[in-house]
Amino acid sequence: MKPIAKSSKLANVGYDIRGPVLDKARQMEEEGHKIIKLNIGNVAAFGLMPPDEIIQDMMRNLPDAAGYTDSKGLFAPRKAVVHYCQEKQIKGVTIDDVYLGNGASELIAMSMNALLDSGDEVLIPSPDYPLYTAVVSLSGGTPVHYRCDEGSGWMPDLDDMRAKITPNTKALVIINPNNPTGALYPREVLEGIVEIARQHQLIVFADEIYDKTLYDGATHTSIASLADDVLFLTFNGLSKNYRSCGYRSGWMIVSGNKRRAKDYIEGLNMLASMRLCANTPGQLAIQTALGGYQSIKDLVAPGGRLARQRDLAYDLLTQIPGVSVVKPKAALYMFPRLDPKMYPIADDQQFAYELLAEERVLIVQGTGFNWPDPDHFRLVFLPNTDDLTEAVGRIARFLHGYRKR
Ligand code: PLP
């Protein structure tokens with residue numbers, strides 16, 4: 001019998017957040033073990049529910065949401081996104097420039113598919129949110145990673161970015177606020193990135209899905225607000241700021257030098273049509289979310305649930321010998337470093353397996369975020385303080401044993 005093989009297009013495609021270690025965790029759960037899951041930013045699964053008005057409006061709208069919509073999406077939610085652009089000072093955006101999708105993920109994949117030919121390179125941060133590396137590969141392009149520097153609070157290393165540019169580089173990706181590091185880029189850094197994009201005529205893909213999940217009173221600057229002579233594609237959605245991952249509702253904004261991109265925009269429109277439209281109930285939640293009470297502010301304010309959990313996870317992790325962490329300024333994640341002298345890890349996926357098997361705690365290994373060395377891992381600080389204390393206590397116990405091996 002001839003075996004059925006997967007496509008060679010998948011050769012460099014991976015997504016370790018839902019990878020083999022999660023499969024093992026599922027198997028353990030089936031065997032009756034209780035696992036503390038620090039592996040995924042699935043916000044509502046931790047009891048952080050969407051604003052009630054979103055749920056109420058979706059229920060009310062459901063009977064009228066059974067049909068397809070325009071490929072780019074319904075008028076009212078796209079108009080709400082245009083207003084949001086005004087708030088974020090992204091200029092010149094009309095509803096024609098707004099695309100709604102089944103989460104930002106679908107639009108990220110669409111934007112790369114419409115752009116890339118074989119040999120085209122895209123600069124992607126390391127560490128990254130691994131969807132970018134995967135979709136660039138799947139679209140036939142080549143992901144090229146630029147380094148973010150832990151020593152400067154995980155800021156993008158602009159010299160490294162410049163050094164990686166070749167005649168084949170078409171675009172650069174920034175994730176700001178960042179998953180997995182929790183970094184928030186100041187305006188000067190964003191201006192530096194715009195300058196690089198301008199000089200080398202690169203498209204900027206800006207993932208801003210955590211732009212309201214900000215601690216310590218921080219503010220977020222959209223990179224697309226800083227220039228009109230560079231082409232920007234900005235991604236956002238309801239999954240994180242509105243705790244609505246399961247509603248699969250996101251948007252993409254095309255702004256800046258659109259004149260240069262007529263052909264590319266035609267490609268985007270064609271791919272948007274081919275997938276018919278984003279799910280209609282998810283689209284209908286956008287206007288309510290953007291125009292409604294911004295309850296995320298209560299969660300991230302000092303003393304709010306997410307702020308408390310961030311502080312606790314940081315305090316507990318930094319008490320473990322040989323563990324250092326840059327304290328996140330935004331988002332839902334930490335990317336701790338394990339001192340290689342104390343923890344000589346050769347294979348960090350194996351490390352994650354062993355932590356799971358011994359302590360029933362699920363994290364994601366750092367190399368799953370295209371970080372080159374096996375000396376980091378990512379955890380989400382979404383569990384409540386009791387579960388977080390228990391989980392980090394178990395990690396500390398595991399590391400204590402690891403040192404003695
Ligand atoms: N972008 C980043 C940086 C993310 O962390 C995530 C999800 O974790 C996504 C995009 C996916 O967003 P969506 O649920 O809108 O597809």
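The values are calculated or read from the model by the stated rules, or taken from the named source; none is laboratory data. Please read these numbers as outputs of a predicted model, since none were measured by experiment. Cβ coordinates were reconstructed from backbone atoms using ideal geometry, including for glycine residues, and neighbour counts include every protein chain displayed.
Values computed for the structure shown
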quantity: Residue within segment 384-399 that is within 21 Å of Ala330 (Cβ to Cβ), assigned by TED's automatic domain parsing to the domain that holds Asn39 and buried (at least 22 other Cβ atoms within 10 Å of the Cβ) present; calculated: yes
quantity: Tally of residues being basic (Lys, Arg) and part of a strand (DSSP E or B) across segment 329-359; calculated: 1
quantity: Filtered residues of segment 197-218 (kept if away from the ligand (no atom under 16 Å from the Cβ) and buried (at least 19 other Cβ atoms within 10 Å of the Cβ)); calculated: Ala197, Leu202, Ile203, Tyr215
quantity: Residues being crowded, with 20+ Cβ neighbours inside 10 Å and either part of a helix (DSSP H, G or I) or of a type in the set (Gly, Ala, Ser) (or both) - total across segment 142-188; calculated: 4
quantity: Single residue of Met112, Met161, Met155 found to be at pLDDT 95 or above, within 15 Å of the ligand (Cβ to nearest atom) and within 25 Å of Thr367 (Cβ to Cβ); calculated: Met112
quantity: One residue from Asp97, Asp128 being acidic (Asp, Glu), within 16 Å of the ligand (Cβ to nearest atom) and either crowded, with 18+ Cβ neighbours inside 10 Å or under 21 Å from the mean Cα position of the chain (by Cα) (or both); calculated: Asp128
quantity: Hits in segment 323-351 - residues which are of a type in the set (Gly, Ala, Ser) and either at pLDDT 95 or above or in contact with a Leu (Cβ under 6 Å, 6 or more places away or on another chain) (or both); calculated: Ser324, Ala330, Ala331
quantity: Residues satisfying the stated conditions in segment 109-124, i.e. in contact with a strand residue (DSSP E or B) (Cβ under 6 Å, 6 or more places away or on another chain) and either closer than 26 Å to Leu284 by Cα or crowded, with 18+ Cβ neighbours inside 10 Å (or both); calculated: Ser111, Glu121, Val122, Leu123, Ile124
